[in-house]
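To start, the structure itself, in structure tokens.
The values are calculated or read from the model by the stated rules, or taken from the named source; none is laboratory data. What you see is a predicted model; the values in this text were computed from it and never measured. Glycine also receives a Cβ, built like all others from the backbone with ideal geometry; neighbour counts cover every protein chain displayed. These area figures cover heavy atoms from the full protein model, side chains too; ligands, DNA and RNA do not enter into them. Shrake-Rupley method; radii C 1.70, N 1.55, O 1.52, S 1.80 Å.
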Amino acid sequence: MLCSRIRTALSARLDGEALPPGLTVHPLDDHLAGCRDCRRWEARARALTTALDDATAHEEEAAPAAVEALLAGLRTGRRAG
């Protein structure tokens, strides 16, 4: 199975959306078990989602600083916070 299709499904699952047609949880999880690159991609996507959730959960006056910290972390390749 193509990693691009798996990553689309991972993104959907992370967002609470339905998996793409023709792909179910078991083949998705089986692919993850055997594909280090997709596991890494999923971990980074989860970290980004968490960082975005954290940045948007702050009070309005703190939000610009939180967003800037997130962007700085993304620029350096690591999660801010």
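Being within 30 Å of residue 72 (Cβ to Cβ), touching a Gly at 6+ places or on another chain (Cβ under 7 Å) and open to solvent by 50 Å² or more (accessible area, probe 1.4 Å) is the requirement here; does residue 37 meet it? So residue 37 does not fit the description; no.
Take residue 27 and tell me if it is outside any helix (DSSP H, G or I) and at negative phi. Spell out how you get there, then give the answer.
Values: outside any helix (DSSP H, G or I): no; at negative phi: yes.
Taking the combined requirement at face value, the residue does not satisfy it.
The sole residue among 18, 51 that is farther than 12 Å from residue 6 by Cβ, open to solvent by 60 Å² or more (accessible area, probe 1.4 Å), touching a helix residue (DSSP H, G or I) at 6+ places or on another chain (Cβ under 7 Å) and modelled with pLDDT of 75 or more is 18.
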